[in-house]
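**Student:** Quick one: the structure is below, questions incoming.
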Amino acid sequence: MLTPTARGLLLLCTAALAPIALGVAMHLEHVEAQRACLATAEVAAPVVQSEVVTQVVPVHTPVLLPAVVSAPTDSTRGAYDFAFVIEMPAPYLVLASAADLGEAQFDALAVNAPHYRGEPADDSIDQPVWRDLDVARLPERARLAVGRHVRVYSAAGRVCVARIGNPSLVSESFGTVAYLPDDEVSELEQDGRTILDPASLWDDGRRVVVAPLEGVGCEGGVWARDTALSEPLVYVAQDTADVDGLPSPVARRMVQRAPGLRPIITAFAEHVAKFDDEVFTTRRLVDRLQGRRWIEPTRGGELDVFSLDGEEFGGCGGFDPAWAAIALDADGSPAEPVWVDAQSDDVQAVFDLDGDGNAEVLAHSWLGPTRVFATTGGEQHVTSQNASAGPNALRPNALREIASLGEVPFFAPAERFSCLNDLVIGHNRCRGVACRVPLSDGVAGARRPASPR
């Protein structure tokens, strides 16, 4: 018989063994279940065969379109580094000329007949003849220039900034109707008046492509440059009424002694010797040199220009004016060379387009073209002989023509054109093209003077 203590211990042990027995039983069930699963996995599964159908999937090949490439945007396309400005009477920019383009290409620009823009006079040619043009037919630079802006300059420096307007063709000539060739001029009846047919004047004038300068204060300008380009160094003409505007005596003596002036001095002496009046025969060319300083204010550059002027000059039959110039060195002293031009009358503007220290000079002539010279070094004078031979006739480091605008024909009485031929230098005013065979009882080729001398 178990004692109470023994019976308690037995119960405790039995209670403790119960969970263990339960765990073992559960484990045995798990093992049996795993064995059953493995046995099922070893049974071969039935093979199911299915028909494989090939499917064609369309592939879209991309079409490569050519890329749209924009034209290069160059801000200087159509920019003029230099252009002449003329007044008719408002200021116009010269884009091209018949001499530049050729007669056929120039005439092909026109879209209508020659016409006046104002009221023509009865007995004189007092205004130009115009024609409208097709802008699309212009050369590329002239076409692209329309609408651009330019700075306009005179002897006093910059006068305005203007827009280039719509271009036109124009033919310029001046003179008296009575001295025009009868076989080349026709007349029209207009509003009860008889006027010259503008079409009959077209071929005889200076023909150029021009565009109005749309700006304020551009009057008096003689040349222009595109605003997209670097601003040039511009020399300003000094007031000769002020002593500071006159060249130094040293500069004057150097010009007077320049070898390029000697043949002009000789020709002048021969010219005045033909007069009976001792007042004329005793005059010297060197006494007729009128000097003016041209100063570039930003760098202090200076060009002293001496022009010939006096009652012996001007008008057909008078002695042909000329000009000479000398530059000043960094110390402000006149320095060789001396440049001499016996083909132009006077200097209208001085500038340095590219800032290289060599000035360009714009010089005009009453009977000849307006030209631009580059001063590039050693002494040289331009005469009727070497000028007609072209720039290659000039020695290196000399005055070199870089631009030219032809003269405006002027029709006047023959007695005003008593041509005295000078074969060496051509100092008489009726030389070259200006002294061609008279048309009818007149003569053509002179340029109308700004004012009578």
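Read the figures in this text as sums done on the coordinates, not as results from a lab. Since this is a predicted model, take the numbers as computed values, not measurements. Note that each Cβ is placed from the backbone with ideal geometry, even for glycine, and that neighbours are counted across all protein chains shown.
**Student:** Shape call for the range 120-189 from the C-alpha gyration tensor, a ≥ b ≥ c root eigenvalues: rounded (a/c under 1.5), prolate (a/b greater than b/c) or oblate?
**Tutor:** Oblate shape, in that a/c is at least 1.5 and b/c is the bigger or equal ratio.
**Student:** Just want the answer: with Cβ charges of +1 for Lys and Arg and -1 for Asp and Glu, which residue in VAL250, SER230, VAL150 is farthest toward the dipole's positive end in the range 149-264?
**Tutor:** With unit charges placed on the Cβ atoms, the residue in question is VAL250.
**Student:** Near the amide H of CYS160, under 5 Å away, which other amide H atoms are found, from residues 5 or more places off or on another chain, if H is placed in the peptide plane?
**Tutor:** Under 5 Å from the amide H of CYS160: VAL152.
**Student:** Considering the options GLN190, PRO167, LEU180, tell which one lies farthest towards the positive end of the dipole of the range 77-231, charges being +1 on Lys and Arg and -1 on Asp and Glu at the Cβ, about the Cα centre.
**Tutor:** Result: PRO167.
**Student:** Taking the Cβ of GLY147 as the centre, find all other residues whose Cβ is under 11 Å away and add up their charges (Lys, Arg: +1; Asp, Glu: -1).
**Tutor:** Numbers: positive: ARG143, ARG148, ARG163; negative: GLU214.
Taking every other residue near GLY147 into account, the sum is +2.
**Student:** Quick check: net charge around VAL111, other residues with Cβ under 14 Å of its Cβ, Lys/Arg +1 and Asp/Glu -1? Can you show the working numbers first?
**Tutor:** Values: positive: ARG131, ARG137; negative: ASP107, ASP132, ASP134.
With Lys, Arg at +1 and Asp, Glu at -1, the net is -1.
**Student:** How charged is the neighbourhood of PHE82? Take every other residue with its Cβ under 10 Å from the Cβ of PHE82, and add Lys/Arg as +1 and Asp/Glu as -1.
**Tutor:** Summing Lys/Arg as +1 and Asp/Glu as -1 gives -2.
**Student:** Which listed residue (SER200, ASN112, ALA96) has the Cα farthest towards the positive end of the charge dipole for the range 77-231, taking +1 on Lys and Arg C-beta and -1 on Asp and Glu C-beta about the Cα centre?
**Tutor:** The Cα lying farthest towards the positive end belongs to ALA96.
**Student:** Enumerate the calculated ³J(HN,Hα) couplings along the range 130-135 in order (Karplus 6.51 cos²θ - 1.76 cosθ + 1.60, θ = phi - 60°), each rounded to whole Hz, writing x wherever the residue is Gly or Pro.
**Tutor:** My calculation for the range 130-135 gives 10, 9, 6, 9, 9, 4 Hz in order.
**Student:** Order 140-153, 159-172 from most to least packed using the mean count of other Cβ atoms within 10 Å.
**Tutor:** 159-172, 140-153
**Student:** Quick query: amide H of TRP223 versus all other amide H atoms, modeled in the peptide plane; which residues come in under 5 Å with a sequence gap of 5 or more or a different chain?
**Tutor:** VAL85, TYR153
**Student:** Moving on to the next point. May I ask you to order 280-286, 307-313 by the average number of other C-beta atoms within 10 Å around their residues, highest value first? Walk me through the intermediate numbers first.
**Tutor:** On the way: 280-286: 15.0, 307-313: 18.1.
Ranking, from highest mean packing down: 307-313, 280-286.
**Student:** Which order do peptides 329-338, 232-241, 288-297 fall in by mean Cβ count within 10 Å, highest first?
**Tutor:** Details: 329-338: 13.8, 232-241: 17.7, 288-297: 19.2.
Descending mean neighbour count gives 288-297, 232-241, 329-338.
**Student:** Can you list residues from other chains, or at least 5 along the same chain, whose modelled amide H is less than 5 Å from the amide H of ALA322?
**Tutor:** LEU308
**Student:** Would you compute the Debye intensity of the range 77-231 from its alpha-carbon atoms alone, equal scatterers and no solvent, and pass along log10 I(q)/I(0) at q = 0.11, 0.13, 0.20, 0.21 Å⁻¹ to two decimals?
**Tutor:** Debye intensities relative to I(0), on a log10 scale: -0.47, -0.63, -1.20, -1.27.
**Student:** Another question, then. From the backbone phi of the range 235-241, what are the Karplus-calculated ³J(HN,Hα) couplings (6.51 cos²θ - 1.76 cosθ + 1.60, θ = phi - 60°) in whole Hz, Gly and Pro given as x?
**Tutor:** Couplings: 8, 10, 5, 8, 6, 6, 6 Hz.
**Student:** Let me know the charge dipole size of the range 77-231 about its Cα centre in debye, to the nearest 20, where only the beta-carbon of Lys, Arg (+1) and Asp, Glu (-1) is charged.
**Tutor:** 1260
**Student:** Using the Karplus equation 6.51 cos²θ - 1.76 cosθ + 1.60 (θ = phi - 60°), what ³J(HN,Hα) coupling, rounded to whole Hz, does each residue of the range 222-234 give in order, writing x for Gly and Pro?
**Tutor:** Here the 3J(HN,Hα) series is 10, 7, 8, 8, 4, 5, 6, 8, 4, 6, x, 7, 10 Hz.
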